[in-house]
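Structure first, commentary second.
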Amino acid sequence: MFLDKVNEECGVFGIYNQNAKKGELALSTYLGLMSLQHRGQEACGLAINDNKDITCIKGVGKVDENLEPDVLKEMEGTMAVGHCRYSRTGSRRDKEAAQPLVIDYRYGKVAICHNGSITNSAQLRKEYSEFGAIYRSYTDTEVVAYTIARLSISEGSLERAMVAAMNVLKGAYCIVIMSPTKMIAARDPIGFRPLCFGIKKDGSYVFASETCALDAVDAEFVRDVLPGEVILVKDGVMTSNTVNVGKNPGSLCMFEYIYFARPDSVIHGQLVNESRRLAGRLLARAHPVDADIVLGPPDSGTLCAMGYAEESGIPYEEGFGKNRYAGRTFIRPDQMSRESAVRLKLNPIKKYIAGKRVVVADDSMVRGTTFSIIVKMLREAGASEVHVRLASPPYLHPCYFGTDVPSRESLICADHTLDEVRQVIGADSLAFLEVEDLPKIIPDVHDIGYCDACFTGNYPCEIREE
C-alpha cells in the first residue's frame, strides 16, 4: 500500500432517464466513475439497460483503461450503474470480483454495485452454500445478491426484498441496483459509507458515493441518502422507504472526512476541504511547536498542513515535488522497493528545507513505514528538526466496514507508545489529533453520528469472530 494509507473499498454510481439519448447514460457513468476514481483503482465497470437486456463492461485497472468513450457513445439504455473498486488482497481474481455484478434471478436480470463490507458475510455464505449457492468470487457483493434474490421470492418485488435484506445484512453497504424496469439505491441502517443523489436539468436521477460525481455530470445535489433508506425509481417516479433497524441515528465513517473523500465533496452538509483544514488548525492549537515551515506530503497532507500553518502563523511551503505518473504498480513488499517507491513519488525540495525546523503534517499514520522514509528524506534534504503532526487520532483498532486494515498487528500505534513510535519514524516530536476533537472537524454535520471505532474500539454494531 503506497504512502501507508488506509484504502477504501469502492465508489458507486447510478443514473436513470427514460428519455436518454444514445450514449448519454454510459458516458455520464464514465464521467461519474472518473470523479470517484480515488475510491478504487484496481477494477471498474458499468452496466446499462436497454429495456431488453443488460450490457456490462468491466475489467481490472482504472476507468480510462477499461471503458472507452468511443464504445460508450454507442450504448443505448434508460439506466446505467457503475463501480470502481479497491482490492484488499491484490488477488489475480480481481477480474471476477470486478463490478457491477450481473445475475439472473426469478424476475430476470439485475446489475448490482456495492460499497462496503458485510460483517456477517461468512455466516451467510455458509448458509447459502448449504442450499446450493455457487460462488464465482470472494466478494461480499455475491452474498448481497443471493440475499436479495432469496428474499424477492417471499417479498414479491426487488425493492421490498432490499428493505427486508436490511434485517439480514450486517455491516456497511451502499448499494445501487438496476433491473429491466427500475433502479434502487440503498444505504445500510448505520450509514457507514456516504451515498447521495441529485437531479439533472433533463430530469435524470443520479446516485453517487460523493457529490463530486454529481458535479461531474452537472447534476444538482438534492440530499444524502439516509441511513436505512431504500429509494426506488420506476417509470420516472422516485419513492422512498426508510428502515431504521435498531433505531440507530447513523455512524458515518470519520475517515471519509479525514482521508477517503475528495476535498471538493460535501457529505451531510460538511465540505471535506474545510474538515481537513479544521483538523490542521486543531492540531496547531493542541500541539504547537517552534518551527520555520509547515509542509505536507501531497496530496493527503496538503490541507491539514495549510490549516496548521494558518493557525500557528508558521509559513506553509510546498516542500515536496510530486511525480504524478508513479502509480501503484511500482509497489513491492520488500523494504528496499518501498523506499524506492516513496522516493519515486515524492521529492523534498532542498532549497526550502535545508537548515529549517520542519513541521510535516499529514492525515493519518497506519503502519508507520512510509513516515520513517519521509523523515529520513527530509533530514537528507538538510532539515535541522522534523516534527510530525497527524490530523487523526492514533489508529488502534482494525476496521471491519470496508477498509483494508483487518488486523491489529498491522497498526504501529496499537503496540507502541507514542514515544516509541516517534523513535521508530525518527522524528523530533510526534502528535496526533485528540479523539475529543473529532466532532470539531465536522461542525456542519447535525443529522447523523459518526464511527470512530478505529480510534476508540467502540464499534457501532456487533462484530463476528470470523
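Summary of computed values
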quantity	calculated
Given (1) assigned to a loop (DSSP other than H, G, I, E, B); (2) in contact with a Phe, Trp or Tyr (Cβ under 9 Å, 6 or more places away or on another chain); (3) not β-branched (Val, Ile, Thr), number of the condition ASP64 does not satisfy	(1)
Output for segment 57-67, where each listed residue is more than 20 Å from the chain's Cα centre (by Cα) and surrounded by 17 or more Cβ atoms within 10 Å (Cβ to Cβ)	ILE57, ASN66, LEU67
Filter result (crowded, with 17+ Cβ neighbours inside 10 Å, under 30 Å from GLU229 (Cα atoms), in contact with a helix residue (DSSP H, G or I) (Cβ under 8 Å, 6 or more places away or on another chain) and among the hydrophobic types (A, V, I, L, M, F, W, C)) within segment 422-460	LEU438, ILE441, ILE442, CYS454, PHE455
Among residues of segment 385-421, those that are out of contact with any helix residue (DSSP H, G or I) (no Cβ under 6 Å at 6 or more places or on another chain) and closer than 13 Å to VAL360 by Cα, counted	4
Within segment 270-294, considering residues that are polar (S, T, N, Q) and assigned to a helix (DSSP H, G or I), the one surrounded by the most Cβ atoms within 10 Å (Cβ to Cβ)	SER275
Condition met for ARG408 (buried (at least 17 other Cβ atoms within 10 Å of the Cβ) and without any contact (Cβ under 8 Å) to a residue 40 or more places away in the chain)	no
Unmet requirement for LYS109, which otherwise passes all of (1) touching a residue at least 24 places away in the same chain (Cβ under 8 Å); (2) closer than 21 Å to SER407 by Cβ; (3) charged (D, E, K, R)	(2)
Matching residues, segment 417-439, being assigned to a helix (DSSP H, G or I) and either among the β-branched types (Val, Ile, Thr) or not assigned by TED's automatic domain parsing to the domain that holds TYR308 (or both)	VAL421, VAL424, ILE425, VAL435
Any pair with Cβ under 6 angstrom, 6 or more apart, that starts in segment 294-318 at a residue that is in contact (Cβ under 8 Å) with a residue 12 or more places away in the chain and ends at one that is aliphatic (A, V, I, L, M) and assigned to a loop (DSSP other than H, G, I, E, B)	VAL294/ILE314; CYS304/ALA391; ILE314/ALA291
Hey, SER251 crowded, with 17+ Cβ neighbours inside 10 Å and within 26 Å of ASN115 (Cβ to Cβ) or not	yes
Segment 434-466, residues that are among the small types (Gly, Ala, Ser) and either in contact with a Pro (Cβ under 8 Å, 6 or more places away or on another chain) or modelled with pLDDT of 95 or more (or both)	GLY449, ALA453
Output for segment 68-78, where each listed residue is in contact with a Gly (Cβ under 8 Å, 6 or more places away or on another chain) and either surrounded by 15 or more Cβ atoms within 10 Å (Cβ to Cβ) or not assigned by TED's automatic domain parsing to the domain that holds GLY108 (or both)	LEU72, MET75, GLU76
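Yes or no, residue by residue, for (1) under 24 Å from PRO180 (Cβ atoms); (2) modelled with pLDDT of 95 or more; (3) touching a Pro at 6+ places or on another chain (Cβ under 7 Å):
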| site | (1), (2), (3) |
| --- | --- |
| VAL12 | yes, yes, no |
| SER28 | yes, yes, no |
| ARG39 | no, no, no |
| GLY45 | yes, yes, yes |
| ILE48 | yes, yes, no |
| ILE54 | yes, no, no |
| GLU65 | no, no, no |
| GLY90 | no, no, no |
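Per-residue answers, yes or no, for (1) over 20 Å from CYS84 (Cβ atoms); (2) among the basic types (Lys, Arg); (3) under 15 Å from the mean Cα position of the chain (by Cα); (4) at pLDDT below 95:
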residue: MET178; (1), (2), (3), (4): no, no, no, no
residue: VAL206; (1), (2), (3), (4): no, no, no, no
residue: GLU210; (1), (2), (3), (4): no, no, yes, no
residue: ARG223; (1), (2), (3), (4): yes, yes, no, no
residue: VAL233; (1), (2), (3), (4): yes, no, no, no
residue: ASN241; (1), (2), (3), (4): yes, no, no, yes
residue: GLY250; (1), (2), (3), (4): yes, no, no, yes
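Condition check ((1) free of Cβ contacts under 8 Å to residues at least 60 places away in the same chain; (2) among the basic types (Lys, Arg); (3) touching a helix residue (DSSP H, G or I) at 6+ places or on another chain (Cβ under 8 Å)) across all residues:
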site: LEU195; (1), (2), (3): no, no, no
site: GLY198; (1), (2), (3): yes, no, yes
site: GLY203; (1), (2), (3): no, no, no
site: ALA208; (1), (2), (3): no, no, yes
site: ARG223; (1), (2), (3): yes, yes, no
site: GLY228; (1), (2), (3): no, no, yes
site: ILE231; (1), (2), (3): yes, no, no
site: CYS253; (1), (2), (3): no, no, yes
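The values are calculated or read from the model by the stated rules, or taken from the named source; none is laboratory data. Given the structure is predicted, the values throughout are model-derived calculations rather than measurements. All Cβ positions, glycine included, derive from the backbone under ideal geometry; neighbour counts span all protein chains shown.
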